[in-house]
Amino acid sequence: MKLLKLSRGRLFPAFEEPLAEVSLDAWRDNPQEHAEATALTISNDTSLADIKCDLHGFSVIILDFPAFKDGRAYSQARLLRERYGYTGEIRARGDVLRDQIFFMARCGFNGFEFSGPDADDASAALEEFSFAYQPAADGIAPVWRKRLGRAAAA
Amino acid sequence: MYRYDEFDATMVAERVAQFRGQVARRLSGDLTEDQFKPLRLMNGLYLQLHAYMLRVAVPYGAMSSKQMRRLGEVARKYDRGYGHFTTRQNIQYNWPALVDVPDLLDELADVEMHAIQTSGNCIRNVTSDQYAGATAEEIEDPRPYCEMIRQWSTFHPEFSFLPRKFKIAVTAAPHDRAAVKVHDIGLILYKNDEGETGFEVIVGGGLGRTPYVGHTIRKFLPKEYLLSYLEAILRVYNLEGRRDNMYKARIKILVNSEGADKFAEAVEAEWAQIKDNGIDLPREEIARINDYFAPPAFETLSAESAALEEKKAADKDFARWVRANTVAHKIPGYAIANISLKPIGGIPGDISDVQMEAVADIAEKYSLDEIRATHEQNLVLPHVKKDDLYAVYKALKEADLATANIGMVSDIIACPGLDYCSLANARSIPIAQRISERFADLGQQEELGEIKIKISGCINACGHHHVGHIGILGVDKKGEEFYQVTLGGSGAEDASLGEIAGRGLSSDQVVDAVEKLVGVYRQHRQDNERFLDTYRRLGADPFKEALYEAA
């Protein structure tokens, strides 16, 4: 497993000290005991609307892909970015594969515990599409906005 | 028709390039079949009983002549000279070699076609009324909304790994030809009492092993909010839909276990948060897409055609074809002409390369370059001048495409069944062929009127048996094929699920069974009522009695 971080549209291998992780449940039960924690793990069956607490103290929120097919964390990531304004790192853990990283990045993930063999290849996967049809959490202007821009320039 | 601009063309070309890389990784052994499977499934490539099968998207069933011609060429070059139109208005190729698929996709991309999201647990190809833009029934053309949905759902990053596949259908006519009530989301465009147009939003319908008719969760959605509302539904489903059991993972299970009211509340709450987040298209983009669907250059003609009447009087078979296969067009002097892909004794939905090219030529010459595929596995020439109908008929006849049986007992929907499919328990196609042969006489079929027979080779219900007036489901009983008959289903605006008639029948008995059911109908029908109306009026008993008496 390698840790990759997204920066300006590319993935870079990252080396860091192990995070002080705490699960959402443990932290809610006793926040004082986990005052040193820097990373929060949230399971993918957790409703973010029910958390009702300040996430901004954590530098990393770790979301889970128990299997690549289980796509709940895509929605969780978008909600963290777009609804709850979380600006720290959102890290994908679990079954994180080359061909899903593009979707993850669009939903607001910027850290990846990548289980595939080739980090450079994962970075190439991010560049397979030049455009996006719909807005998401990555701030890429959707195709229709580009069309408007072009029409205005013409 | 919609035409790609450079953005659309780039997206499709990049998808082919991406898939080419994935295929290369598979062929070189970098990917195991297990790792490759989810990737190929995102692009419509299934591994069937004997070979790979590629499902090509025909967005909302609309094709140009150029596209149809290319589909024929592809069938000849990469397949065994035929293709198969499906109940999702798509076309499938049954025999492509894996190594050829990227080139095949390149050839499709040249004519603005692709296989994106024709499988996998994502938002599938959106389907619609095959008469869109041609029928006077519709309040507005539904195709622009389909195209908006196509673009919004393409590579949607949040909704590419849903609990299960997701199908959306749109209609804008009171007569529902798109089966919207048995889709994950069905949208009906209509005008409300205030004179505004918007959508009735129906969620949680579906067939498969747990069939449901959908529930209306919003009576009226202003049409400019279409995409944000869809996004809200999909988000609730993505987060809340079951993932522990693939047979309970469709949205219909969520909606029906929570209750439609509670589900609707969750959607409304989500929508309230996102409706003004810039998901919906601005007016200019809606207008841009609408422009592609502006009515083609219709001529000003008189409503009646003397030439047509003359040919009808002179050629009885032609007159029958006109009665059975053509319907009213919104423009005077034009007709909508259906092309049956159900020749007597044929394979429902199959069409040869040469036939595809013939259809392309006919559409180019006589139907303003447009062709539609229907969910009942037929084709449509949407804009034919009545004056030209005879020429169209002759050309179709020449190509063996002039069977006059639309909506009739031999116009059968059948899934590929055990002849192709790795999930099937029983064969569907030979049953359809034998029923069709039993009722070969077209005069008799016309006299029987509308009877919808739908055949599925397993409980996954790809042949829509639950909504057949007569449904036939293949089951495996100790290694032998058996068929369970259901009665009284409908996928139209009067949607209902068929009821099981009784114990399963052998492959030999099932064709007789259909004949017996039709016999009961004949005996009891009043005036011009359809088989389904007679069944609904009388109930199941007389039909069951006929099926199981002394059998």
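What follows is calculated from the coordinates using simple rules that are stated; it is not laboratory data. Source: prediction; values computed, not measured. Neighbour counts run over all protein chains shown; Cβ positions are idealised from the backbone, glycine included.
Packing, taken as the mean count of other beta carbons within 10 Å per residue, orders the peptides A:127-135, A:105-113, A:47-55 from highest to lowest as A:105-113, A:127-135, A:47-55. For chain A, set up a Gaussian network in which alpha carbons nearer than 10 Å are linked by springs, and say which option among A:Ala14, A:Ala136, A:Ala122 fluctuates the most. The residue with the greatest mean-square fluctuation here is A:Ala14.
Taking Cα centre as origin and charging only the Cβ of basic (Lys, Arg, +1) and acidic (Asp, Glu, -1) residues, the dipole magnitude of chain B rounds to 1400 debye. For region B:328-352, the residues whose amide N sits under 19 Å from a probe point set 7 Å from the Cα of B:Ser302 along the beta carbon direction are B:329, B:331-335. Among the cysteines of chain B, those whose beta-carbon sits 4.7 Å or more from every other cysteine beta-carbon are B:Cys122, B:Cys146, B:Cys421, B:Cys458. The angle separating the long axis of helix A:143-153 from the principal Cα axis of greatest extent in chain A is about 40 degrees. Select from B:Gly519, B:Ala424, B:Ser490 the residue farthest towards the positive end of the dipole of region B:413-548; place +1 on Cβ of Lys and Arg, -1 on Cβ of Asp and Glu, and compute about the Cα centre. Working it through, the farthest residue towards the positive pole turns out to be B:Ala424.
What shape does the protein assembly as shown have by the C-alpha gyration tensor, where a ≥ b ≥ c are the square roots of the eigenvalues, rounded means a/c under 1.5, and otherwise prolate means a/b greater than b/c and oblate the rest? Prolate, since a/c reaches 1.5 and a/b exceeds b/c.
Modelled this way, with points 7 Å down the Cα-to-C-beta line, the labels at B:Leu49 and B:Asp30 are 3.5 nm from one another.
For the pair B:Lys219 and B:Lys316, label points projected 7 Å from Cα toward Cβ lie 5.3 nm apart. For the cross-link pairs B:Lys165/B:Lys252; A:Lys69/B:Lys37; B:Lys342/B:Lys365; B:Lys365/B:Lys397; B:Lys165/B:Lys223; B:Lys312/B:Lys386, the ones whose C-alpha atoms lie over 22 Å apart are B:Lys342/B:Lys365; B:Lys165/B:Lys223. Applying 1/(1 + (r/R0)^6) with r as the Cβ-Cβ distance of A:Glu21 and B:Ser422 and R0 = 30 angstrom yields a FRET efficiency of 0.10.
For chain B, averaging the sequence separation of C-alpha pairs within contact (under 8 Å, six or more residues apart) and dividing by the residue count gives a relative contact order of 12 percent. For a straight C-alpha distance cut-off of 13 angstrom, the aspartates and glutamates reachable from B:Lys452 (same-chain residues fewer than eight places away being disregarded) are B:Glu376, B:Asp411, B:Asp533. A crude spin-label estimate for the pair B:Asn192 and B:Asp527, with each label 7 Å from Cα along the Cβ direction, gives 3.5 nm.
Here region B:205-269 and region A:33-112 have alpha carbon centers that stand 24 Å from each other. Can you work out the FRET efficiency for the pair B:His175 and B:Lys77, with r the C-beta to C-beta distance and R0 = 35 Å, to the nearest 0.05? So the FRET efficiency works out to roughly 0.35. When only the Cβ of Lys, Arg, Asp and Glu is charged (+1, +1, -1, -1), the dipole of chain A relative to its Cα centre reaches about 1060 debye.
What shape does chain B have by the C-alpha gyration tensor, where a ≥ b ≥ c are the square roots of the eigenvalues, rounded means a/c under 1.5, and otherwise prolate means a/b greater than b/c and oblate the rest? Note, shape of chain B comes out rounded. Excluding the site residues themselves, the longest part of chain B lacking any GluC sites (Glu not before Pro) in a DSSP loop with at most 12 other Cβ atoms within 10 Å is B:305-548. Taking other C-beta atoms within 10 Å as the exposure proxy, A:Met1, B:Met246, B:Met42 rank A:Met1, B:Met246, B:Met42 from fewest upward. Look at the stretch B:279-292: the mean tally of other chain Cβ atoms within 10 Å of its residues' Cβ atoms is 2. Please report B:His524, A:His56 as a ranked list, fewest other C-beta atoms within 10 angstrom at the top and most at the bottom. Fewest to most other Cβ atoms nearby, the residues stand as A:His56, B:His524.
Peptide A:134-147 is shielded by partner chain Cβ atoms: per residue, an average of 5 of them sit within 10 Å of its Cβ.
Take each residue of peptide B:33-40, count the partner chain Cβ atoms within 10 Å of its Cβ, and average: the result is 2.
Projecting the Cα atoms of B:Leu234, A:Thr38, A:Phe131 onto the charge dipole of the protein assembly as shown (Cβ charges, centred on the Cα centre) puts B:Leu234 farthest toward the positive pole. The alpha carbon centroids of region B:143-194 and region B:326-341 are separated by 25 Å.
Cβ-Cβ distance of A:Arg150 and B:Asp103, R₀ of 30 Å, FRET efficiency by 1/(1 + (r/R0)^6): the value works out to about 0.40.
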